[in-house]
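Working notes, structure below.
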Amino acid sequence: MIRIPLTLAALAALALPSPALADLLIDNVDGVRIDSDGELDRFTGLWVDDDGRVKEILDRRDDRPETDFRLDGEGRVLMPGLIDAHLHVMGVGFGALTLDLSDTTSLAEAQAKIAAYAQENPGRPWILGGGWNQEKWGLGRFPTAADLDAVIPDRPVWLERVDGHAGWGNSLALQRAGVTAATKEVSGGRIERLPSGKPSGVFIDAAGDLVTKIIPEPRPKDRDAALAKAQERLLALGITAAADMGTTLEDWQAMRRAGDEGRLKMRIMAYAAGIDAMEAIAGPRPTPWLYDDRLRLGGVKLYLDGALGSRGAWLKAPYADDPDNTGLPFLSPAQIRNLMSRAAMDNFQVAAHAIGDAANAELLSAIKELGETYTGDRRWRIEHAQIVTPADLSRFGENGIIASMQPVHQTSDRLMAEARLGSDRLGGAYAWNSIAGTGARLAFGSDAPVESPDPTAGLVAAFTREDADGQPFGGWLPMEAVSREAALKAFTQDAAYAGFADGRFGRLVEGERADFVLVDRDPILASPAELRAMQVLQTWIGGERVYLAGE
């Protein structure tokens with residue numbers, strides 16, 4: 001067999017396909033990984049077998065094996081592929097294919113962007129998109145249908161808020177949906193109204209179904225395009241695996257089509273969008289791992305409350321800036337227990353959304369009760385766990401709970417959280433270090449497309465508690481920061497553990513899938529500003545290169 005030494009420059013210049021079904025040595029690298037004890041481990045070579053698994057981690061003094069292919073890393077940093085423990089794969093894809101308002105800083109700027117998008121897409125019967133945030137606009141109120149009518153009166157418009165827990169429509173959209181002043185409130189949602197009682201144009205949580213039910217569903221080819229776009233973006237960021245929170249049957253079919261046709265490159269740990277989707281996709285038990293550990297549905301996503309930004313998070317006491325409102329509990333105590341029990345009896349993992357302190361307290365109680373019946377390794381997941389009463393924090397260390405949290409939410413929400421709660425109720429807010437101190441595992445993600453999927457922003461936020469501008473200096477509630485090593489662990493092996501993928505990928509150890517990235521700087525030594533600017537040079541999954549910068 002011919003041994004071919006390849007450098008990074010040669011690979012980039014020739015755009016060679018990565019070797020398949022052949023063993024590979026990636027040598028001369030500055031390797032960084034976190035061991036099972038959470039300690040930093042450095043190495044200089046990675047030997048991958050012909051099945052795409054790690055055969056050996058090599059130090060400088062180790063003899064180098066003879067392999068079919070050899071890649072000279074030229075001293076570049078090699079680290080495990082990053083794992084996003086909570087995002088919405090199809091949402092990332094559709095967000096890239098529709099109108100994105102996440103970069104707008106005022107209502108006027110958003111209106112200009114909406115008008116321009118409509119002009120550029122004259123054939124689209126609906127103007128769809130999202131990413132708006134009235135807090136970021138400094139608007140002091142929710143936007144209205146009239147704000148949209150001013151720029152697009154002749155086509156229906158529906159735009160989701162950045163957190164996905166509110167929608168904004170123009171008058172034509174409301175008219176088509178038959179929504180009027182006489183429309184009754186919806187359980188688990190709220191219609192924002194004008195003083196006259198007429199719907200204002202914003203619908204919170206379940207109330208959004210009043211409009212979305214008439215929006216044409218994406219076609220299969222639209223979903224295929226969205227999945228391709230999501231993979232393209234995530235792989236370029238060094239994300240090799242993700243937990244997809246809220247997988248529908250249609251999403252699953254798109255993922256299966258991609259897998260059948262060899263187009264599914266990243267790994268997806270899917271959580272069904274409710275019990276009905278869980279049963280339709282997987283039937284009586286979690287699916288097996290498919291496509292060489294690239295796809296599995298092993299759990300279900302449930303919702304206890306809404307989001308803090310839209311005042312839908314369920315709180316124990318009223319909002320400081322809305323004294324008649326404690327948020328939106330979506331399920332009664334009996335309902336959440338029944339749904340969790342239904343999933344657990346067939347060994348599906350439960351991942352439950354809880355943002356407010358009342359929602360987290362209720363979920364913690366439900367897990368404790370159900371844990372007496374459903375024993376064994378359940379890995380109950382609490383998604384977000386943003387606001388927790390300090391007295392409840394210790395309960396995260398019980399029953400093998402995993403706190404699936406998104407560090408970037410803290411930097412985005414800081415000022416809004418202070419306004420919603422007041423300074424005296426922030427003791428358990430975004431409390432990563434306190435929760436980790438109870439023994440609970442942290443699994444970090446982004447909640448993209450609610451936030452950018454760029455994992456460097458999450459890594460930096462986790463150990464600094466500062467935003468991209470370095471504010472507030474020294475960090476917001478800095479005692480809740482975690483170490484760099486803990487942050488990297490939560491974005492790799494613990495994110496895999498949270499999805500029952502431990503032993504398959506996430507650690508760069510012998511026998512696990514060789515998922516790794518080559519980057520231009522050391523995540524442990526780089527300053528926060530340098531780390532935010534980190535560039536991914538190559539992304540490899542199962543010993544196959546799936547992304548090359550500049551290609």
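What follows draws every value from the coordinates through simple rules; no lab data is involved. Here the structure is a predicted model, which is why all the values come from computation and not from measurement. Cβ coordinates were reconstructed from backbone atoms using ideal geometry, including for glycine residues, and neighbour counts include every protein chain displayed.
So how tilted is helix 220-236 from the main axis of the chain? Cα-based, degrees 0 to 90, rounded to 10. Computed tilt is about 60 degrees.
Label-to-label distance, Asp377 versus Met479, with points set 7 angstrom from Cα along the beta-carbon direction: 3.5 nm.
Of the residues Val300, Val179, the one with the fewest other Cβ atoms within 10 Å heads the list, and the complete ranking is Val179, Val300. Sequentially through segment 310-325, phi angles give Karplus couplings (6.51, -1.76, 1.60; θ = phi - 60°) of 9, 6, x, 5, 7, 10, 6, 10, x, 4, 4, 9, 7, x, 9, 10 Hz, Gly and Pro residues having no value and appearing as x.
When the C-alpha to C-alpha distance is required to be over 24 Å, the pairs from Lys184/Lys213; Lys136/Lys198; Lys221/Lys265; Lys213/Lys316; Lys184/Lys301 that qualify are Lys136/Lys198; Lys213/Lys316; Lys184/Lys301.
Taking amide H as placed 1.01 Å from N in the peptide plane, the amide H of Tyr547 sits under 5 Å from that of Thr539, each at least 5 places away or on another chain. Of all DSSP beta bridges in the chain, what percent run antiparallel (nearest 5)? Once the DSSP bridges in the chain are tallied, antiparallel ones form about 45 percent. Report note on the peptides 235-244, 92-101: ranked by the mean count of other C-beta atoms within 10 Å, highest first, their order is 235-244, 92-101.
Here Gln253 and Glu74 are evaluated by their C-beta separation; at R0 = 56 Å the FRET efficiency comes out at 0.85. Farthest toward the dipole's positive end in segment 36-151, which of Leu128, Gly140, Thr105, given Cβ charges of +1 (Lys, Arg) and -1 (Asp, Glu) about the Cα centre? The one lying farthest along the dipole's positive direction is Gly140.
Across segment 390-397, rounded Karplus estimates of 3J(HN,Hα) from the backbone phi angles (6.51 cos²θ - 1.76 cosθ + 1.60, θ = phi - 60°) give x, 5, 8, 4, 4, 6, 5, x Hz, Gly and Pro being marked x. Ranking Ala486, Ala468, Gly499 by Cα position along the charge dipole of segment 456-516, where only Lys, Arg, Asp and Glu carry charges on their C-beta atoms, puts Gly499 farthest toward the positive end. Each Lys and Arg adds +1 at its Cβ and each Asp and Glu adds -1 at its Cβ; summed about the Cα centre, the chain shows a dipole of about 1140 debye. Label zone of Val186 (point 7 Å out along Cα→Cβ, amide N under 11 Å): in segment 122-166 this covers 166. Using Cα centres only, tell me the gap between segment 442-520 and segment 360-378 in whole Å. Taking the Cα centre of segment 360-378 as reference, the centre of segment 442-520 is 26 Å away. Using only Cα positions of segment 272-316, each an equal point scatterer, no hydration layer, compute I(q)/I(0) via Debye at q = 0.23, 0.30 Å⁻¹ and quote the log10 values to two decimals. Normalising to I(0) and taking log10 leaves -0.76, -1.01.
Amide H contacts for Arg53 (H built 1.01 Å from N in the peptide plane; partners 5 or more residues away or on another chain; cut-off under 5 Å): Ala514.
When you restrict to C-alpha pairs under 8 Å that are six or more residues apart and normalise by the size of segment 501-551, the relative contact order lands at 30 percent. Which residues in segment 184-209 have a backbone N closer than 14 Å to a point placed 7 Å from the Cα of Asp276 along the Cα-to-Cβ line? Label zone hits: 209. With neighbour counts taken as other beta-carbon atoms within 10 Å, the residues Lys136, Lys221, Lys489 rank, fewest first, as Lys221, Lys136, Lys489. When you count the other C-beta atoms within 10 angstrom of each residue and take the mean per peptide, 408-415, 478-485 line up highest first as 408-415, 478-485.
Our helix-only sum for the chain, with -39,500 (n - 2.57) per DSSP H run of n ≥ 4 divided by its residues, gives a mean residue ellipticity at 222 nm of -8500 deg cm²/dmol. Within the same chain, aspartates and glutamates fewer than 8 places from Lys368 are excluded, and of the rest, those with a Cα less than 16 Å from its Cα are Asp377, Asp392, Glu398. Under 12 Å of direct C-alpha separation, and excluding same-chain neighbours fewer than eight residues apart, Lys113 reaches these aspartates and glutamates: Asp100, Asp103. The string of couplings for segment 280-296 from the Karplus curve (6.51, -1.76, 1.60, θ = phi - 60°) is 5, 7, 10, x, x, 7, x, 6, x, 6, 10, 6, 6, 6, 9, 7, 7 Hz, one whole number per residue in order, with x for Gly and Pro.
The listed peptides 77-88, 524-535, ordered by packing as a protection proxy, come out as 77-88, 524-535 (highest mean of other Cβ atoms within 10 Å first).
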